[in-house]
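Notes follow the structure.
The values are calculated or read from the model by the stated rules, or taken from the named source; none is laboratory data. All values reported here derive from a predicted model rather than from experimental measurement. Positions of Cβ are backbone-derived with ideal geometry, glycine not excepted, and every protein chain shown enters the neighbour counts. Surface accessibility is based on the protein's heavy atoms, side chains included, excluding ligands, DNA and RNA. Shrake-Rupley method; radii C 1.70, N 1.55, O 1.52, S 1.80 Å.
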Amino acid sequence: MSVRVDGDVIHLAGRCRAEDAELLIVALQEHPGAAIDLSATQRLHLAVLQVLLAARPPVLGIPDSEFLAQHVVDLMQ
Amino acid sequence: MDDLLEQFLIEGRDLIAQAAADLDTLRRDPKDAAAIDSAFRAIHTLKGSVGIFPMGPAERVLHAAEEVLERARKARAMLDAATIAAIVGCLDAIDRWVDDLEGGGALSPDAEAVAAAAIARLPGADPAASEEVAPAPSFWVHALIERERGVLQGATTALTAFRYTPDAECFFRGEDPLAVVAGVPEIVALAVLPIGGSWPTLAEIDPFVCTSIIEGLSAAAIEAVQAAFRMMPDQVAIHPIAPFIDAQPESVGVTGHAAATLRVDAARIDALADGLGELVVAVNAFAPLAEQADAIDRDLAARIRAVQAGIERAASDLHRGVSAVRLVPLAPTLRRLPRMVREIAASLGKQVAFTMSGERLEVDKQVADGLFEPLLHLVRNAVDHGIEAPGDRETAGKSAAGRITLTASRDGDAILLVLADDGAGIDADRIRGVAATRGLIGEEAAAQLSDAAALRLIFTPGFSTAAAVTEVSGRGVGMDAVLTAVDRLRGTIEIESAPGAGTRFLLRLPANALTTRLLIVEIGGDRYGVPLDQIVETVRVDTSALMPVGGGRACVLRGRTVPVLSLAALLGVAERSNAATKLLVTRSGGENVALTVDGFAERVDTLVRPSSGILAGVPGVTGSTLLGDGDVLLVLDLPALAA
């Protein structure tokens, strides 16, 4: 389970695949204003990133992946 | 037109001309290191300028040409003739694209192919490699440079920019573009941009369609970045970014140059010249004033004359200054001709060596501007109808390559342009025949024309000797357009042709269009002005020397019979009879014609205003001028009157 909702935080954990994009849209629609926790994210599919860039939720945590931490998290600020 | 483009059209063409001139020097002296340096600088600066406009192919071509020159510079090697020709070919292509840009704003559709061909002709050029080294700098590169300015300013080495536009359906195939980008080495900047400029709302988003473009900068070499995208080369654009993008060392030189010269709107100079013309006329009013004063106080009259002389001197100095400002070298007008000749010759499968001389000669801007069209037409005509096909030339015992020369020289108040070819020449009998067939002239009348007059039939509207209207010359514009354009500049054109040996067109144009030197003549008690540049000579002959010929009169001048017409009769005023006849000889229709006048008066240098109002419709009158005493002088157009 890559997309997990915990109160006002949506956790994206492990390897997020293309299919997770649809789940993320639903989660964001059901929890407007929820923040995204990326601290356990190992990989982020572009399909998921597109949803985050469109929805612009607040972002928490720094992913393990060096590439994501250095170049992708900044894009969502 | 936007300012930037306008500036580029001027400066870009200057740079092309500079490089072309340097290459011409190198053709004659391949060891001239200064010329290689100068050509290199011009092409380098030009490459920077074209980058601002949608001229990707131009930038690639210039980059390739610059490399060749740079190698020659470093190795202190000589450029061989083939290399110089190849670089000239590159400049020709650029010149044409500058024309395209001016005409429609976009390069012709064949630009990519032309660029590839031009680059391929350069020695050591690998078209594929140059494609990678300097691909078209697209809009995205400029946007990226803007966006990542901070990163770029900190960069000390070259960076590689990339733009990856994944296929919209790529998610279905299990691809993850972000994972691909994660494989790019040494990323220093990254951006994920929405296709179309803005992200959809959460409600609109389709999670199965890729709507992103990924752009970034890498510190790795182009090859390494390309390797990361090797699976999807068609979805990726890569462009090298030089370090310190803001630093442009050349700009120092450019600024220094700009301070030394000033570009001024020609209309302002015209206004200045107009005002000066009025001043000259106003000063002329002193003369009758001094005459009136003579009757009252001779001292006062003398002082008035002294003041008049002082103002006249100052005005004429000023006048010379303004005229000089309007003088421009012929070179910018003529510099496009060599390229046109090469193109026309190539399209007709002919070989032509074209040379020009005297292009540094300075003429009034109006003349320089008005000269290009008629010259181009004559040159086109010379290549198309003058120069024969290589095979025919060899059969005739000539070299396979035809020669066309354009010589400009100063001749008193006029400039003389001679366009000569060593082609087939014009057969006067054939011209007579064609003109008669086309119904432009009766057969009998045609037979009576001298060869020189028969050749002038080619200037008749509706005349075209080409059996088939060719792509090159047949554009619905005949040689009559040349005559009209030359007339408008108050010039004359003459043809000399020797069948089999070639043809010469002689254009005589006034060098200074600002004011006109007039000879004042008296006819039937009235005074008229005649432009000096229309007068071949003035002579006095005994009235008895005039012989009746046919319905008119003629006289012998310098061993040639010249028809004599009465200017009084032509103007419809009473004719006086004098013991000695004063003749004004002019050229009309290529022949000398003498016109009788009652007397010659002074010469004046004055501003002639073109006819307007009721005068506009009067044939034989080009305009009018104000004399110092306030009288209006009609200025005659002798060739038109004598025609």
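Per-structure values
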{"read-out": "Segment A:1-18, subset over 9 Å from the mean Cα position of the chain (by Cα) and within 12 Å of chain B (Cβ to nearest Cβ), residue surrounded by the fewest Cβ atoms within 10 Å (Cβ to Cβ)", "value": "A:ARG15"}
{"read-out": "Any hit, segment B:389-398, residues being of a type in the set (A, V, I, L, M) and either touching a Phe, Trp or Tyr at 6+ places or on another chain (Cβ under 6 Å) or closer than 20 Å to B:MET479 by Cβ (or both)", "value": "no"}
{"read-out": "Top-ranked residue in segment A:45-57 [being open to solvent by 10 Å² or more (accessible area, probe 1.4 Å) and within 7 Å of another protein chain (Cβ to nearest Cβ); ranked as nearest to A:ALA13 (Cα to Cα)]", "value": "A:HIS45"}
{"read-out": "Evaluation of A:GLU30 against (1) closer than 26 Å to B:ARG173 by Cα; (2) over 10 Å from the mean Cα position of the chain (by Cα) (one fails), failing number", "value": "(1)"}
{"read-out": "Yes/no for B:ASP297 being over 26 Å from B:ALA155 (Cβ atoms), open to solvent by less than 90 Å² (accessible area, probe 1.4 Å) and at pLDDT 85 or above", "value": "yes"}
{"read-out": "Qualifying residue in segment B:217-224 (condition: within 27 Å of A:ALA54 (Cα to Cα), more than 9 Å from every other protein chain (Cβ to nearest Cβ) and crowded, with 17+ Cβ neighbours inside 10 Å)", "value": "yes"}
{"read-out": "Whichever residue in segment B:563-574 is of a type outside the set (A, V, I, L, M, F, W, C) and either in a strand (DSSP E or B) or touching a residue at least 60 places away in the same chain (Cβ under 8 Å) (or both) and, among such residues, is least open to solvent (accessible area, probe 1.4 Å)", "value": "B:SER566"}
{"read-out": "Residue list for segment B:162-176, restricted to those being more than 9 Å from every other protein chain (Cβ to nearest Cβ) and outside any loop (DSSP other than H, G, I, E, B)", "value": "B:PHE162, B:ARG163, B:TYR164, B:ARG173"}
{"read-out": "So B:ALA191, is it touching a Lys or Arg at 6+ places or on another chain (Cβ under 9 Å), part of a helix (DSSP H, G or I) and either within 11 Å of another protein chain (Cβ to nearest Cβ) or under 16 Å from B:ILE222 (Cβ atoms) (or both)", "value": "no"}
{"read-out": "Matching residues, segment B:75-104, being touching a residue at least 24 places away in the same chain (Cβ under 8 Å), open to solvent by 40 Å² or more (accessible area, probe 1.4 Å) and not in a helix (DSSP H, G or I)", "value": "B:ARG76, B:MET78, B:ASP80"}
{"read-out": "Test: residue in segment A:45-53 that is at pLDDT 90 or above and outside any helix (DSSP H, G or I)", "value": "yes"}
{"read-out": "Some residue of segment A:19-37 being surrounded by fewer than 17 Cβ atoms within 10 Å (Cβ to Cβ), within 17 Å of B:CYS210 (Cα to Cα) and within 13 Å of chain B (Cβ to nearest Cβ)", "value": "yes"}
{"read-out": "Cβ pairs under 6 Å, 6+ apart, first in segment B:21-35 and outside the structural domain of B:PRO338 (by TED's automatic domain parsing) and closer than 13 Å to B:ARG76 by Cα, second at pLDDT 85 or above and hydroxyl-bearing (Ser, Thr, Tyr)", "value": "B:ASP32/B:THR25; B:ALA35/B:THR25"}
{"read-out": "Residue match in segment B:621-630 (condition: at pLDDT 90 or above and not acidic (Asp, Glu))", "value": "no"}
{"read-out": "Search result, residues across segment B:486-502 that are closer than 18 Å to B:SER588 by Cβ and outside any loop (DSSP other than H, G, I, E, B)", "value": "B:VAL486, B:ASP487, B:ARG488, B:THR492, B:ILE493, B:GLU494, B:ILE495, B:GLU496"}
{"read-out": "Scan of segment B:515-530 for residues that are hydroxyl-bearing (Ser, Thr, Tyr), over 10 Å from B:LEU634 (Cα atoms) and open to solvent by 20 Å² or more (accessible area, probe 1.4 Å), ordered by number", "value": "B:THR515"}
{"read-out": "Residue match in segment B:55-74 (condition: part of a helix (DSSP H, G or I), in contact with a Cys (Cβ under 6 Å, 6 or more places away or on another chain) and crowded, with 24+ Cβ neighbours inside 10 Å)", "value": "yes"}
{"read-out": "Residues located in segment B:270-289, provided they are closer than 14 Å to B:VAL608 by Cα, among the small types (Gly, Ala, Ser) and surrounded by 14 or more Cβ atoms within 10 Å (Cβ to Cβ)", "value": "B:ALA273, B:GLY277"}
{"read-out": "Every pair of residues 6+ apart whose Cβ atoms lie under 8 Å, when the first sits in segment B:306-335 and is of a type outside the set (D, E, K, R) while the second is open to solvent by 30 Å² or more (accessible area, probe 1.4 Å) and part of a strand (DSSP E or B)", "value": "B:LEU327/B:GLU362; B:VAL328/B:GLU362; B:PRO329/B:GLU362; B:LEU330/B:GLU362; B:LEU334/B:MET356"}
{"read-out": "Residue in segment B:342-358 that is of a type in the set (A, V, I, L, M), out of contact with any Leu (no Cβ under 9 Å at 6 or more places or on another chain) and not in a helix (DSSP H, G or I) present", "value": "yes"}
{"read-out": "Selection within segment B:529-562 - touching a residue at least 24 places away in the same chain (Cβ under 8 Å) and part of a loop (DSSP other than H, G, I, E, B)", "value": "B:LEU546"}
{"read-out": "Residue among B:ARG587, B:ARG603 that is touching a Lys or Arg at 6+ places or on another chain (Cβ under 8 Å), open to solvent by 70 Å² or more (accessible area, probe 1.4 Å) and assigned to a strand (DSSP E or B)", "value": "B:ARG603"}
{"read-out": "Test: residue in segment B:411-423 that is modelled with pLDDT of 90 or more, surrounded by fewer than 19 Cβ atoms within 10 Å (Cβ to Cβ) and under 13 Å from B:ASN381 (Cα atoms)", "value": "yes"}
{"read-out": "Filter result for B:ALA21 (modelled with pLDDT of 85 or more and surrounded by 20 or more Cβ atoms within 10 Å (Cβ to Cβ))", "value": "no"}
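Quick grid of which residues meet (1) touching a residue at least 60 places away in the same chain (Cβ under 8 Å); (2) surrounded by 19 or more Cβ atoms within 10 Å (Cβ to Cβ):
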| site | (1), (2) |
| --- | --- |
| B:ALA143 | no, no |
| B:ARG147 | no, no |
| B:LEU152 | yes, yes |
| B:ARG163 | yes, yes |
| B:GLU169 | no, no |
| B:PRO177 | no, yes |
| B:LEU193 | no, yes |
| B:THR201 | no, no |
| B:PHE208 | no, no |
